[in-house]
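A.B. asks: Please see the structure below; I have some questions.
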Amino acid sequence: MPSPPNLPMEYRIGKRYFYGPEGAELLFTENETSFAKGGGYYKDAFHRKIVKDEEVTNPQNTGSKAALHYKFEAIAPGSSAKLLFRFTQRPKENPLQDVEAIIEERKKETNAFYESVHPEGLSEDEKKIQRQALAGMIWTKQIYIFDVGQWLKGDNPGFPPPESRLQGRNKHWKHLNSMRVLLMPDKWEYPWFAAWDHAFHCLTYAIIDLEFAKKQLWLLFFDQFQHPNGQIPAYEWDFSDLNPPVHAWAALRLYRMEEAKNGKGDSEFLEKCFHKLLLNFTWWVNKVDNSGNNVFEGGFLGLDNITVLDRSEKLPGGAVLQQSDGTGWMAMFALNLMRIALELSRFNRVYEGLATKFFQHYVYIAHAMKKRGNRDYEMWSDRDGFFYDVLTHPDGTFTKFRVRSLVGLIPLFAVEILHEDFMEKHPEFYANFQWFMNNRKDLVEGCIIPTIKDGKKHYVCTLMNNKQLHSVLKYVWDPEEFRANYGLRSMSRFHEKNPFVYQDKQVGYEPAESLYTVKGGNSNWRGPIWLPTTFLLVESLVKLTEAFEEDITVQAGGEKPIEIAAMAKSFADRTIGIFAMNEEGKRPVLGPEFPFQNDPHWKDYIPFHEYYNPETGKGLGASHQTGWSALVANFIAEFR
């Protein structure tokens, strides 16, 4: 049998060979854009040759872009045609002979690998969901080449960019030079990283490759990514925008995952991240807390259209939006850094002083959220029992945005439990902590809750006192507010009939695609379920269980009281239920109108959308991604 046609390719790593079946026409061109008609071979040559039958490929069979072109007679309905290819390091005789056997062997290896990853006791359907979520994370990895300095100047002197580019977006990010493989949201709509998406991607990828996950998170702190002033690049459209500061949380989470797996965490990794996170925290405090009052104005913060204003835009008249979620994120950031410093102080007592620093930051932030002198100016509403954004004006007037959304739930993410016997092992920190408890009761009241469990004393760091905590958790569990059939709504269902109106704008409950264009209009935080915020809420509920156990129960909608541990489990189950086969043999994520719900060729191929309809579970937004929706794999790992 003669060897099938092959395309030899020269690389710096040596020759590689691409083999396919006989009968192909070889096509070659250059991977360059055609700016004018004339001589040369350009990247559109294959389209012009195959579609228009133009003779525009290189007859010398050489170039930087090549293809094997096959023609078939009409393929009958229900029939198929199969082509096998192989890419090799060296020439082979009969290279396609064992391709199918190799594929079968790889399938067996893959099955064995995922069986080692799945927790014991999973159903076959849960295995499919977790496996496909993890496989999606692998699939969307890609090389990300972006030299901002070069982009600003242009890469072709013959076609320089407009002068305006030097004064436009990313002009302050000339140092950013990516030549790395990154975990991307997807390869279609979002083929670029976003800072907080990336943190969640790392957490999911750690299930299958912890070392790679750690390296991925570190990239954001790498000198060619993190700005010298400490800012972490937000996303390609505008690196100077803001994403929530979840990276200390992610670093600590990866450390704990390794500790649980191997009996010991990577303290060198944690310490390395901590030093760069110090720069980032300082940047946030100096840049985003403009008034020095521990209340953060923020900006975009990842929740595109969640309120009545575009939070990235500068507001007219010098007005400032004091953000409940921005301040909540910073309280969480401070607690994460406190916990990391305490962990590192096991190896170096110097870090106890830094743990004290971040404890104090947390206390000041918590105090500022609730007590600002003028009672109506506070983010906390005693009337409603909820946190809100506040729009302040230079003349001292203000508007409280009474929108019940994730903005008011994010303060719940700032939770840490300090056990007294643990603090006794950190004497310097414990002494400073006790001084604060005894001498600054005006600050710690309402954000440090002492509890007794199993005869031992614990201190719960939370932005809410017991009464406020019960109030917010009641909203969370109320089916007419945030609890939906398939998880946590991003905006209360209350606003379906009660939209919030400000001037000529309004915001209401929108469970499906967005009705208004903000940030392109292709995402929606006015109702749909988003997995990362659900994941953080569930984690907070688990932490609260550690301190309160049966001490906190929640009752809503005339239902039986429920303990917070059961709440956490219920939200995890509801989220997994988006993707799982239900009693009717259908997957909610596919949507009720999907024509192939029962088709064996389709029903078990699970898409991981950007966000989800809380009433039906249907996937919405970007449909080709896995991204942070792969967190369902973590839900399965931790709650099954």
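The values are calculated or read from the model by the stated rules, or taken from the named source; none is laboratory data. In this text, all values refer to a predicted model and were calculated from it rather than measured experimentally. Don't worry about glycine lacking a Cβ; one is built from the backbone with ideal geometry, like all the others, and counts go over all protein chains shown.
A.B. asks: What number of residues in region 313-334 are assigned to a helix (DSSP H, G or I), touching a strand residue (DSSP E or B) at 6+ places or on another chain (Cβ under 9 Å) and more than 26 Å from Lys357 (Cβ to Cβ)?
C.D. replies: 0
A.B. asks: Looking only at region 195-220, how many residues end up being under 16 Å from Ile143 (Cα atoms) and outside any helix (DSSP H, G or I)?
C.D. replies: 1
A.B. asks: Any idea how many residues of region 509-540 are at pLDDT 90 or above, surrounded by fewer than 19 Cβ atoms within 10 Å (Cβ to Cβ) and more than 28 Å from His198 (Cβ to Cβ)?
C.D. replies: Residues flagged as at pLDDT 90 or above, surrounded by fewer than 19 Cβ atoms within 10 Å (Cβ to Cβ) and more than 28 Å from His198 (Cβ to Cβ) within region 509-540 amount to 0.
A.B. asks: Could you check how many residues of region 405-446 are over 21 Å from Met330 (Cβ atoms) and either β-branched (Val, Ile, Thr) or buried (at least 21 other Cβ atoms within 10 Å of the Cβ) (or both)?
C.D. replies: Qualifying residue count for the region: 1.
A.B. asks: When region 549-572 is examined, which residues are found to be part of a helix (DSSP H, G or I), in contact with a helix residue (DSSP H, G or I) (Cβ under 7 Å, 6 or more places away or on another chain) and either surrounded by fewer than 17 Cβ atoms within 10 Å (Cβ to Cβ) or not β-branched (Val, Ile, Thr) (or both)? Steps first, answer last, please.
C.D. replies: To start, the set of residues in region 549-572 that are part of a helix (DSSP H, G or I) comprises 549-551, 564-572.
Narrowing the set further to residues that are in contact with a helix residue (DSSP H, G or I) (Cβ under 7 Å, 6 or more places away or on another chain) leaves 564-565, 567-569, 571-572.
Correct list: Ala565, Met567, Ala568, Lys569, Phe571, Ala572.
A.B. asks: Let me ask something else. How many residues are surrounded by 15 or more Cβ atoms within 10 Å (Cβ to Cβ) and either closer than 10 Å to Thr29 by Cβ or touching a helix residue (DSSP H, G or I) at 6+ places or on another chain (Cβ under 9 Å) (or both) when one looks only at region 45-62? Give the derivation first.
C.D. replies: Looking only at region 45-62, we keep the residues that are surrounded by 15 or more Cβ atoms within 10 Å (Cβ to Cβ), and these are 45-46, 48-50, 56-58.
With either closer than 10 Å to Thr29 by Cβ or touching a helix residue (DSSP H, G or I) at 6+ places or on another chain (Cβ under 9 Å) (or both) added as a condition, the list becomes 45-46, 48-49, 56-58.
Residues that pass the stated criteria total 7.
A.B. asks: Any chance you could count how many residues in region 149-168 are under 27 Å from the mean Cα position of the chain (by Cα) and surrounded by 15 or more Cβ atoms within 10 Å (Cβ to Cβ)?
C.D. replies: 1
A.B. asks: Quick one: Glu120 ticks every box in (1) within 37 Å of the chain's Cα centre (by Cα); (2) among the charged types (D, E, K, R); (3) surrounded by 12 or more Cβ atoms within 10 Å (Cβ to Cβ); (4) part of a loop (DSSP other than H, G, I, E, B) bar one, so which box is it?
C.D. replies: (3)
A.B. asks: Applying the selection to region 576-630, what residues are in contact (Cβ under 8 Å) with a residue 24 or more places away in the chain, in a loop (DSSP other than H, G, I, E, B) and among the aromatic types (Phe, Trp, Tyr)?
C.D. replies: Passing the criteria: Phe579, Tyr605, Phe608.
A.B. asks: Would you pick out the residues in region 432-447 that are among the hydrophobic types (A, V, I, L, M, F, W, C), touching a Ser or Thr at 6+ places or on another chain (Cβ under 9 Å) and at pLDDT 95 or above?
C.D. replies: Phe433
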